[in-house]
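The structure appears below as structure tokens.
The values are calculated or read from the model by the stated rules, or taken from the named source; none is laboratory data. Just so it is clear, the structure is predicted and the values come from calculations on it, not from any experiment. Cβ placement follows ideal geometry from the backbone for every residue including glycine, while neighbour counts extend to all protein chains displayed. Areas reflect the complete protein model, heavy atoms only, side chains present, ligands, DNA and RNA absent. Shrake-Rupley method; radii C 1.70, N 1.55, O 1.52, S 1.80 Å.
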Amino acid sequence: MTSTPQTAQAELQPIDVAALRDHLQSYASREGIRQWDLGASRSTSASVQVDRGEAKQLKAAQRSSITVRVWNDQGLVGITSCTDLSPAGLERALAGARDASAFGNSEEIPAFSPLAKAPTPELERPLQPARGIQSLLHTLKDAERQLLARHSAMNTVPYNGLSEGCSERLYLNSEGALRQMQRTQASLYLYARAEEAGRKPRSGGAVRLALGSDQLDVAGCIDEAANRTISHLAYQPVPTGRYLVCFTPEAFLDLLGAFSSMLNARAVLDGVSLSKSESIGEQVAVPFLSLHDNGLHPGHVGAAPFDGEGTPTRRLSLIEQGRLVSFLHSEATARHFGVEPTGHAGLGAKVSVGPDWFEVGTSDGMSSGTSHLHHARSTDTFVLIEGLNALHAGVKASQGAFSLPFDGWLVQGGERISVESATVAGDIRELLKGIVHLEEPVVTHQGVSPHVWVEGLAITGDA
């Protein structure tokens, strides 16, 4: 639901979740519903966009989403989704889910997470006050002005936005589980466009996240967007061939995320993953690579202490010394594999599973044995990939293949030459086993990763 800016600037008053649970339990008992659970989220947000000094869009919104599941006497599950958090609305949702349970899928029956009442971790994420939409607009106009002043070739910032918001998340069930959290979050993105006479337009950008809009690194975002855009003005075609490639942390996390189904137990059971049920223990990467999913990382602005099923969030080891050691699990997939849920589930009749915050690093006590490769100092010839494009179309997640346009540079003797237009292609399994070096990890807005060096990737330049 979209509302006026004034209402959306107000902070959320926490729901009296204990009273809500008591009301639902009373109604369920009256209606003969013995097993149910509820997941809910609601949020307020304000965002602005600008275009050459003028307001392009001011938007404020209040949203809510509720999912209710009911198990009938045959153990089948019915599910209802709605947006009405009032007692009357939730009663209708429970009744609807009860009626729908008659048509539940006997082949896919979820249960409560065995960890839904386990202690949750403490998160140091103090709520930040909202500044208001007029203040956001002033800040973004000034950021756009400063960015355009950095170079005469930069004439527009076609993709820009500044937002702030507050959200609340709940999980309750009929066995007494009660989860509740609130958080605030702000974001800024600036993508500039530059064009010189007789040359193709070039672009570059940057993103910043913080708990509140007052904490956003606006100056750093302007600097990064300007430097990236300007660095791509003097572009040249890159000859087609196989190259030593260095992925920036953001680019490698994007690629890893596109193939996250290989770590997803739901995808494994559905037969749409590169991995199989028996893949645990297999060597899937070089021995010096480790991978964790850590939704509790201090740099993760959107951290939550529990998932959609109420399972506590925790740091989970996925790849150790190059070997696959765990999948991401919901209650149902964990039950199938005989392990505990990992805190990566949504909520539904067939529960989805997904990664939270990847941490890529070097295995304890190991190294690549290579010390001369560094993205800023190396004198080797290599391709530095800054960002991957068209991930939705260029990745075949269940086959392992990728062919992706990218933004980056050909680096020769320490000199960077922007690549005019090119595609990097390969197979994720070969790439993970072809890594030759990992630099020191860097915290980005989407996870933690080093610059990752890979030998012999195919680069196709546009003639």
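Structural remarks
- Grouping the Cα pair distances of the chain into 10 Å bins from zero gives a pair-distance distribution of 4, 18, 25, 25, 19, 8, 2, 0 percent in increasing distance order.
- Spin-label model distance (nm) - Glu278 vs Glu175, 7 Å beyond Cα toward Cβ: 3.3 nm
- Under 14 Å from the Ser152 label point (7 Å along Cα→beta-carbon), backbone N, segment 46-60: none
- Apportionment of accessible area to carbon and sulfur, the chain, percent (1.4 Å): 49 percent
- Cα centroid separation, segment 223-261 to segment 178-207 (Å): 16 Å
- Shown here for segment 107-211: GluC sites (Glu not before Pro) in loop regions (DSSP other than H, G, I, E, B) with at most 11 other Cβ atoms within 10 Å, namely Glu107, Glu122, Glu124, Glu175.
- Here the dipole of the chain is about 660 debye; that uses its Cα centre as origin and unit charges on the Cβ of Lys and Arg (positive) and Asp and Glu (negative).
- Spatially proximal lysines relative to Lys350 (Cα-Cα < 27 Å; intrachain offsets below 8 disregarded): Lys117, Lys276, Lys396
- Taking the Cα centre of segment 171-317 as reference, the dipole from Cβ charges on Lys and Arg (+1) and Asp and Glu (-1) amounts to some 320 debye.
- Solvent-accessible surface of the chain, taken per residue with a 1.4 Å probe and all protein chains present: 44 Å².
- With Cα atoms, 0 to 90° folded angle of helix 133-148 axis to the chain main axis: 20 degrees
- DSSP bridge orientation in segment 380-424 - percent antiparallel, rounded to nearest 5: 100 percent
- Other-chain or far-sequence residues with amide H under 5 Å of Asp51's (modelled H): Lys56
- The chain: antiparallel DSSP beta bridges as a percent of all, rounded to 5: 95 percent
- Note on Ser29 and Ala425: their simple-model spin labels are 6.6 nm apart, each label 7 Å out from Cα toward Cβ.
- Taking trypsin sites (Lys or Arg not before Pro) as exposed when DSSP calls them loop and at most 14 other C-beta atoms lie within 10 angstrom, the chain has its longest site-free stretch at 53-198.
- Karplus (6.51, -1.76, 1.60) ³J(HN,Hα), θ = phi - 60°, over segment 197-213, in Hz, Gly and Pro reported as x: 4, x, 10, 6, x, 10, 9, x, x, 8, 10, 9, 10, 7, 6, x, 5
- Karplus-derived 3J(HN,Hα), 6.51/-1.76/1.60, for each residue of segment 248-257, Hz, glycine and proline x: 5, x, 5, 5, 5, 5, 4, 5, 5, x
- Placed amide H near Val442: partners under 5 Å, 5+ positions off or other chain: Ser449
- Cross-link reach list, lysines versus Lys59, counting only Cα pairs under 17 Å and skipping chain neighbours closer than eight places: Lys141
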